[in-house]
Amino acid sequence: MEKILTVSIAAYNVYNYLNETLTPFLGVKGNDRLEVLIIDDGATDGTLELALEYQEKYPNVFRVIHKENGGWGSTVTTGILNATGKYFKLLDGDDYYNKDELERLLDQLETCDYDMVITPFLRFYDNSDRIDYVKNPLFEVSSPRQIELNELPIKPYCMEMYSLAFKTNLIQQNQVQITEHCFYTDNEYVVKCSSLCKTAIVMPYCIYCYRLARPGQSVSVDGMRKHYKEFELILRKMLTYVKQNVTNKHLQELFYERYRGLSYYYYETLFLMGAGKEYKMAMKSYDQWLKKEFPDIYKKISYRYIKIMRVTNYYGFGLIAKHCVEKK
């Protein structure tokens, strides 16, 4: 049977979560329409062995690809290269899909011919019953609805990777590749794939369940302390990419606003990381680059402490960082 949807799973040391991630696919009616690629990124905790068990038991659904460790972006690139489904969608190895909503999506994708498919998603919290359905006016549809790209809201941001599926042949033919050995590349995937799209449809199926509060997540302050240089690398790289490659003016504005917000987050997190000289120099270097290359975004960042940094040539960084840490 033709595969309708390829789901590419980034699987690195997720043994404790992988059963929860893979089991929902078994309950989907007509799951032979699915191609679930489990991309083992050189895991060392038994992830590969568990994935192989699923492949052995359900070879029509699961396919395991083992590779040397190259980071999240390398798993995405590998998934794109190996996908055979009509559409392509991502799933992290510690998250999962709602099987009933996935089944409804599959039924729609059978006859769908849009470049990009957008669906709602939810966040849930480890060791808690808390569930947050992510709200966005775009998601407020009761049935599939075609939209123009200029209908995508700039605020609140709607282009998270959890919401998106793309035509596989579109991203394969354009040889989409994602940065390896680097955190925070989910935005790179979104920008590169969505900027290729000419048509889009929103469907009301809340498929993706995104786990929060897992120890060691890269979005935490501790995670940023380890990987802040990679965060800045992606900010610079993707702002430049949008400037040079995104021709749709509305999408360009949408992504500029997204990276303005992420720049604000970067500054805020550098303060929270403490009064180290390296954090001060990182802030100064990025802020001056932003002023030179993207003056409009630079001017829109009105964070009070950043204004103080700019007028004092960043001399007050240590005091403000100490204040932010104590306030937290």
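No value in this document is a laboratory result; all are computed from the given coordinates. Keep in mind it's a predicted model, so treat the numbers as computed, not measured. In this analysis, Cβ positions are derived from the backbone assuming ideal geometry, glycine residues included, and neighbour counts consider all displayed protein chains.
Side notes on the structure shown:
- Remark: region 85-96, residue by residue, has Karplus-estimated 3J(HN,Hα) of x, 5, 10, 10, 9, 9, 8, 7, x, 10, 10, 7 Hz, where x stands for each Gly or Pro and the curve is 6.51 cos²θ - 1.76 cosθ + 1.60 at θ = phi - 60°.
- The string of couplings for region 318-323 from the Karplus curve (6.51, -1.76, 1.60, θ = phi - 60°) is x, 5, 5, 4, 4, 4 Hz, one whole number per residue in order, with x for Gly and Pro.
- Charge dipole (the chain, unit charges on Cβ, about Cα centre) - positive-most of 271, 141, 21: 271
- Ellipticity estimate at 222 nm from DSSP helix runs (n ≥ 4, -39,500 (n - 2.57)) divided over the chain, nearest 500: -14500 deg cm²/dmol
- Region 50-66 - phi-based ³J(HN,Hα) in whole Hz, Karplus 6.51/-1.76/1.60, Gly and Pro as x: 5, 4, 5, 4, 5, 4, 5, 7, 10, x, 7, 10, 9, 9, 9, 10, 9
- Highest to lowest packing among 278-285, 262-269, scored as the average C-beta count within 10 Å: 262-269, 278-285
- Among residues other than residue 137 with Cβ under 11 Å from its Cβ, the summed charge is 0 (Lys and Arg +1, Asp and Glu -1).
- The local environment of residue 297, defined by Cβ-Cβ distances under 13 Å, has a net charge of +3 under the rule Lys, Arg +1 and Asp, Glu -1.
- Region 70-114, dipole about Cα centre (Lys/Arg Cβ +1, Asp/Glu Cβ -1), debye to the nearest 20: 220
- Put simply, when 123-136, 31-44 are sorted by average Cβ atoms within 10 angstrom per residue, most first, you get 31-44, 123-136.
- The lysine pair count for region 1-143, using Cα distances under 16 Å and pairs eight or more places apart or on different chains, is 5.
- Efficiency of FRET from Cβ geometry, residue 284 and residue 26, R₀ 35 Å, rounded to 0.05: 0.10
- Extension gain (nm, one decimal) between residue 143 and residue 247, 0.36 nm per residue minus Cα-Cα: 34.5 nm
- Extension gain from residue 322 to residue 304, taking 0.36 nm per residue of separation minus the Cα-Cα distance: 4.9 nm
- The mean sequence separation of alpha-carbon pairs under 8 Å and at least six residues apart, normalised by the residue count of region 221-327, gives a relative contact order of 29 percent.
- Annotation: lysines with alpha-carbon distance below 18 angstrom to residue 226 (same-chain offsets under eight excluded): 277, 280.
- Region 5-212: relative contact order as a whole-number percent, Cα under 8 Å and 6+ apart: 29
- Whole-number percent relative contact order across region 130-271, with pairs defined as alpha carbons under 8 Å at least 6 apart: 31
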